[in-house]
Amino acid sequence: MSILDIRNLNVRFATQDGEVSAVNDVSLSLERGECLGIVGESGSGKSQTFMAGMGLLAANGRPTGKVLFDGKNLIGADEDTLNAVRGDRMSMIFQDPMTSLTPHMRVGRQLGEVLIRHRGVSEAEARAQSLTMLKRVQIPEAERRLDMYPHELSGGLRQRVMIAMALMCSPELIIADEPTTALDVTVQAQILDILRDVKERLNTAVILITHDLGVIAGLADRVAVMYAGRIVEVGDVRSIFADPRHPYTRGLLACTPRLDEAGAGLMTTISGQPPNLQRLPSGCSFHPRCAHVTDRCKTERPLLEVVGPSRAKACFVDVKAA
Amino acid sequence: MAQSLLQVRDLKVYFPVRTGGVLFGEYTALKAVDGISFDLKSGETLGVVGESGCGKSTLGRAVLQLVPVTAGAVSWLGSDLTQQDKAEIKKCRQELQIVFQDPLASLDPRMTAGDIIAEPLRNYFPQMSSDERKAKVQDIMAKVGLLPAMVNRYPHEFSGGQCQRIGIARAMILRPKLIVCDEPVSALDVSIRAQVINLLMDLQKTFNLSLIFISHDLAVVRHISHRVMVMYLGRVMELAERESLYRTPRHPYTQALLAAVPIPDPDKERAKKRLILTGDPPSPLSPPSGCVFRTRCGKADDTCTSATPVLDAASSGHEVACHHWRNI
């Protein structure tokens, strides 16, 4: 059974200006030990898809559909059911390591809390295991850090504490939401190495949410590309990068400046801007920005269709032929 | 690209920071920029890269005299800005502009796009007729890709990319010779980032602008810059022509920085040589003795602890501050 199986998930937010459709009919599945990369720009719904699964949507958010974690639906589940799973069998790493740690709690207590709660261990035992975990994520002088407060740590160390916390109960699934976006590139490389190690050694499934295609290329086994709350393309990481079939995926890859290529002249761009989620364009949401747009794209919405082994895309146009 | 517009010599910016208690602590100098020199020609882009806290933004602000300069000279067209009074600096600022990182926060939320873009004109040319001002605003809006109808809208009605276009229009309206771009695309989505980079390159060509392009994104800097400066803890580690720097990085820090950037290609990214720096940059309040990079450098030895390396010309136009660059 898949560790995570999302079926026809929708997320709507009620706002003063009307309803916002953040996630539209998203279906995804993830096997144990697999890393699925979720790529998309701001507002593409990539975070909200998983916040819905964790029961962490804002108060005005309403999810419908199913998020099956190891066969059990988490949408609409009560707090007790969610709390039995969250932090224990699945945990989350957030983008901003400062605001996601409790500022007035020492690192050791924050780390140990989850063990005391889920495993009922003693404080001394929780502290010992916290120390082991800090060492595993390569925090220097781990013993001393246990008694520090989050503000005494650098951004890279804080993010390592977040990862250590996520790993405390050996979860089967980690959701990493832009885990390295706030970090410098040398520190990003260290954090990605730790995530890679966790995935390979502990067989933990990882959802890696990011806008950085380079980060995806290094870690993900499969990739789902999201635009305006929908999955527009999904596939094996190598085939997505080597042979992107959706015009948006192609555009994203083309307009990402690459360090291994000398830039010459103007960069490739995707014209226009991401759509307003309150007033999505008719038909395919990407059609106003698409170079391959046809009349059909303006009226009819393309569904996600299988286009090859482990590949699917939501587009009427064969980009290769066009 | 001939004449040198800007000459920065041994620029130092130290901030006094109280360490060890609010009441009885002592002031320590935080050396944000510590002895930086460079030239900038007209029509040239100098990329400034480095990790957070390396002093790259402070350098940009010091060039524009937006932070107090501790020592050194910033010569703009031959006259030293650090020696001038406020009125003279204000005059020079017509030619020296800045674009900030956060596109929305750098615009006054209660002013319309048109007012924001026109403000430098009101400031420098109060006698200008409103018709002329309107015409100039419309003209620059068209050049940065904003529609005329947007002139009466407020910043919150624009997307991030459009706000950055407003910021660029505001910087461009006085027809400056130099724009300091402080992380201008870091807050933007990938598809919008390329549009703004293209706009800057386009404006540079049209108006023969010089740019100081400050960014932590090494791939973007490679695309837009003619020359690139790599900073670490307030000092220059390496300064070279773009291709020379990216093809043959000489400094161990530049090499590690370049190796750490993920490449959007699964095969290349997974096969590439790992050269991971350990730890975080040290605190700028107590930088290491000798070479500031030595605590994270695999090549460091006793020389690096005792002597501070100076910039050495490795080849024509390629300077590197490392004792051991010949052996790397």
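When only DSSP loop residues count, what GluC sites (Glu not before Pro) in the range A:218-322 have their Cβ near at most 15 other Cβ atoms within 10 Å? Loop-located and lightly packed - A:E261, A:E300. Sorting B:64-76, B:266-278 by their mean Cβ neighbour count within 10 Å, with the most densely packed peptide first, gives B:64-76, B:266-278.
Positive end of the dipole of the range B:104-175, charges at C-beta (+1 Lys, Arg; -1 Asp, Glu), about the Cα centre: which of B:G114, B:M128, B:M172 has its Cα farthest in that direction? Value: B:M172. Per residue of the protein assembly as shown, the DSSP helices (runs of n ≥ 4 H) give a summed -39500 (n - 2.57) that works out to -9500 deg cm²/dmol at 222 nm. Summarising the strand pairing of chain A, around 60 percent of its internal DSSP beta bridges are antiparallel.
For the range B:104-175, what class follows from the C-alpha gyration tensor (a ≥ b ≥ c being the square roots of its eigenvalues): rounded when a/c is under 1.5, otherwise prolate if a/b is larger than b/c, else oblate?
Verdict is prolate for the range B:104-175.
The GNM of chain A, with springs linking C-alpha atoms under 10 angstrom apart, assigns the highest mean-square fluctuation among A:L252, A:L173, A:L280 to A:L280. Think of each Lys and Arg Cβ as +1 and each Asp and Glu Cβ as -1; about the Cα centre, that makes the dipole of chain B roughly 220 debye.
For the protein assembly as shown, give me the percentage of DSSP beta bridges that are antiparallel, rounded to the nearest 5 percent.
60
For the range A:247-322, a simple Cβ point-charge model (Lys and Arg +1, Asp and Glu -1, everything else neutral) yields a dipole of about 180 debye relative to the Cα centre. Would you please classify the overall shape of the protein assembly as shown from the alpha carbon gyration tensor, given that a ≥ b ≥ c denote the square roots of the eigenvalues, rounded means a/c under 1.5, and beyond that prolate means a/b larger than b/c while oblate covers the rest? It comes out oblate by the Cα gyration axes. Projecting the Cα atoms of A:T181, A:A164, A:M226 onto the charge dipole of the range A:162-270 (Cβ charges, centred on the Cα centre) puts A:M226 farthest toward the positive pole. The mean number of partner chain beta-carbon atoms within 10 angstrom of a residue's beta-carbon across peptide B:191-203 is 5. Among complete DSSP H helices in chain A, those whose alpha-carbon atoms stretch at least 24 Å along the helix's long axis and whose mean Kyte-Doolittle hydropathy reaches 0.0 are A:185-202. For the residues A:D295, A:D260, A:D78, a GNM of chain A with alpha-carbon springs under 10 Å puts the largest fluctuation on A:D260. Amide H contacts under 5 Å for A:S29: A:I6, restricted to partners 5 or more places along the chain or on a different chain, H placed in the peptide plane at 1.01 Å from N. Result for chain A in a Gaussian network model with C-alpha springs under 10 Å: among A:V225, A:V293, A:V137, the largest mean-square fluctuation is at A:V293. Other protein chain C-beta atoms within 10 Å of residue C-beta, averaged over B:268-276: 4.
Other residues with beta-carbon under 15 Å from the beta-carbon of B:K177 carry, at +1 per Lys or Arg and -1 per Asp or Glu, a net charge of +2.
Determine, for each peptide in B:105-111, A:91-97, the mean count of other beta carbons within 10 angstrom over its residues, then list the peptides with the highest first.
Numbers: B:105-111: 13.3, A:91-97: 21.7.
With the highest mean Cβ count within 10 Å placed first, the list reads A:91-97, B:105-111.
Straight-line cross-link partners of A:K66 among the lysines, defined as a Cα under 17 Å from its Cα and at least 8 positions apart when in the same chain: A:K46.
Database remark: amide H of B:G47 closer than 5 angstrom to the amide H of B:F213, B:H226, B:R227, B:V228, B:M229 (H placed geometrically; neighbours at sequence offset of 5 or more, or on other chains; Pro and chain starts carry no H). The string of couplings for the range B:282-287 from the Karplus curve (6.51, -1.76, 1.60, θ = phi - 60°) is x, 5, x, 6, 9, x Hz, one whole number per residue in order, with x for Gly and Pro. Peptide A:90-97 is shielded by partner chain Cβ atoms: per residue, an average of 0 of them sit within 10 Å of its Cβ. Taking 31 Å as the limit for the C-alpha separation, the pairs B:K90/B:K143; B:K12/B:K134; B:K56/B:K143; A:K135/A:K313; B:K56/B:K86; B:K31/B:K177 exceed it in the case of B:K12/B:K134; A:K135/A:K313.
Expressed per residue, the C-alpha convex hull volume of chain B stands at 166 Å³. Each Lys and Arg contributes +1 and each Asp and Glu -1, all at the Cβ; summed about the Cα centre of the range B:104-175, the dipole is approximately 120 debye.
No lab work stands behind these numbers, since they all come straight from the coordinates. Only a predicted model underlies this, so the values are computations on that prediction, with no experimental measurement involved. Methodologically, a virtual Cβ is constructed for each residue, glycine included, from the backbone with ideal geometry; neighbour enumeration extends over all protein chains shown.
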